[in-house]
1. Quick one: is residue 283 within 23 Å of residue 35 (Cβ to Cβ), basic (Lys, Arg), in a loop (DSSP other than H, G, I, E, B) and open to solvent by 50 Å² or more (accessible area, probe 1.4 Å)?
2. From 297, 328, which residue is assigned to a helix (DSSP H, G or I), at pLDDT 90 or above and open to solvent by less than 80 Å² (accessible area, probe 1.4 Å)?
3. Counting just the residues of segment 21-41 that are under 21 Å from the mean Cα position of the chain (by Cα) and open to solvent by 10 Å² or more (accessible area, probe 1.4 Å), which one comes out nearest to the ligand (Cβ to nearest atom)?
4. If the Cβ limit is 6 Å and pairs must be 6+ apart or interchain, which residue in segment 66-77 that is touching a residue at least 40 places away in the same chain (Cβ under 8 Å) pairs with which residue that is in a strand (DSSP E or B) and open to solvent by less than 60 Å² (accessible area, probe 1.4 Å)?
5. Would you be able to tell me the number of residues in segment 42-57 that are open to solvent by less than 50 Å² (accessible area, probe 1.4 Å) and either without any contact (Cβ under 8 Å) to a residue 40 or more places away in the chain or within 9 Å of the ligand (Cβ to nearest atom) (or both)?
6. Picking from 335, 310, 306, which residue would you name as being over 28 Å from the mean Cα position of the chain (by Cα) and under 17 Å from residue 266 (Cα atoms)?
7. Residues being open to solvent by less than 40 Å² (accessible area, probe 1.4 Å), among the hydrophobic types (A, V, I, L, M, F, W, C) and part of a helix (DSSP H, G or I): count how many of those fall in segment 58-87.
8. Under the condition of being in contact (Cβ under 8 Å) with a residue 12 or more places away in the chain and among the basic types (Lys, Arg), which residue from segment 244-272 is most open to solvent (accessible area, probe 1.4 Å)?
Amino acid sequence: MTNQTLPWQAETWSQVMQMRERFPHAVLLHGPEGIGKTRFAEQLAQALLCESPLPDGHACGHCLACGWFAQYAHPDYRRVRPESLEDASAVDDAGAETAKAAKAEKGASREIRIEQIRSLANFINVSTHRSGRRVVLLYPAEALNAIAANALLKTLEEPPPATVFLMVSHNIDRLLPTIVSRCRKVPLTMPGAAQALAWLKEQGVGDGESWLAEQGGAPLSALTQSQAGSREAVETLLAHLAKPAAEAALKTADQLQKSPPAEVTAWLQRWLYDVFSVKFSGKIRYYPKHRREIDALAMRADPIKLLAVLKSMNERRAIADHPLSPKLFIEDMLLDYSTVFA
Ligand SMILES: [Zn+2]
């Protein structure tokens with residue numbers, strides 16, 4: 001576990017640390033996906049439990065509490081998250097979690113369920129083991145189903161002593177307003193492009209600009225993507241998309257069959273968004289390097305088919321974790337794509 005605050009979160013870190021002595025019962029860290037909110041929350045959890053924190057408030061990394069924390073074995077710490085994220089050891093943001101979740105057991109729940117909230121009762125009702133404080137990290141908060149959200153609300157309404165709830169949300173509008181109003185809201189924002197690029201470079205990511213643009217500027221998602229997919233695979237797909245030809249779909253699918261189908265679907269989806277966006281507003285977001293090809297495709301695209309295929313891509317995204325045959329899945333998607341430009 002890294003103890004380094006992400007450069008674009010340093011200021012927020014100092015602000016949060018000013019609350020240290022009288023820390024709120026519940027903190028809601030919110031902002032766009034893929035910028036490092038969960039990582040921030042884990043660092044904060046560790047800092048709150050550390051027994052000899054550094055002057056800037058960060059965990060020392062050496063005390064007994066920090067040792068336990070690193071093993072996810074601290075007796076005063078609980079993580080609550082959907083089962084589908086359970087095999088993800090990563091502490092970074094949703095980007096990383098999504099990629100890992102693809103490997104999770106088929107059928108693992110994507111919701112935070114009532115049993116998970118109920119089982120917190122035992123944790124909360126015993127006295128704390130070490131520093132006199134216990135921490136619950138819950139993410140993403142929008143994964144709480146309705147019953148679980150109501151149970152959590154009851155807990156937040158009568159905050160248990162010495163307990164801090166750290167919640168992370170990518171979409172605060174999807175939370176119960178009554179939960180939001182019980183929390184101290186801490187916004188985390190998308191870094192500027194220059195800062196994000198410099199950070200990606202430090203992480204050893206080549207062609208950071210392309211990865212970053214494709215992830216809408218979210219650096220942690222860009223990092224995950226650069227590690228999960230190969231640049232060649234993305235370029236193979238983009239070359240196909242730039243010159244859509246139904247007869248080439250099989251060959252392209254063959255070349256891409258080692259890439260996770262969920263990723264291929266996401267790449268294609270973003271490309272279609274760009275075609276759509278250029279056609280209707282002239283703006284390009286994800287693939288600025290391919291401006292010329294996308295302009296040409298936007299001219300040719302049949303608007304009704306474009307909308308229909310965009311919609312079908314959303315449906316595909318839902319099943320892309322486990323297609324029976326990745327190759328057939330990708331081929332079918334590419335054939336569908338060709339119909340937009342027929
Ligand atoms: Zn420590």
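1. Values: within 23 Å of residue 35 (Cβ to Cβ): yes; basic (Lys, Arg): yes; in a loop (DSSP other than H, G, I, E, B): yes; open to solvent by 50 Å² or more (accessible area, probe 1.4 Å): yes.
Yes, satisfied.
2. None of the others qualify; the one that does is 297.
3. That would be 39.
4. 76/134; 77/135
5. 4
6. Going through 335, 310, 306 in turn, the sole match is 335.
7. Total meeting the criteria: 4.
8. Restricting to residues being in contact (Cβ under 8 Å) with a residue 12 or more places away in the chain and among the basic types (Lys, Arg), the top hit is 258.
The values are calculated or read from the model by the stated rules, or taken from the named source; none is laboratory data. Everything numeric in this text was worked out from a predicted model, so none of it was measured. As a convention, Cβ positions derive from the backbone with ideal geometry for all residues, glycine included, and neighbour counts pool all protein chains shown. These accessible areas exclude ligands, DNA and RNA; they are computed on the full protein's heavy atoms, side chains included. Shrake-Rupley method; radii C 1.70, N 1.55, O 1.52, S 1.80 Å.
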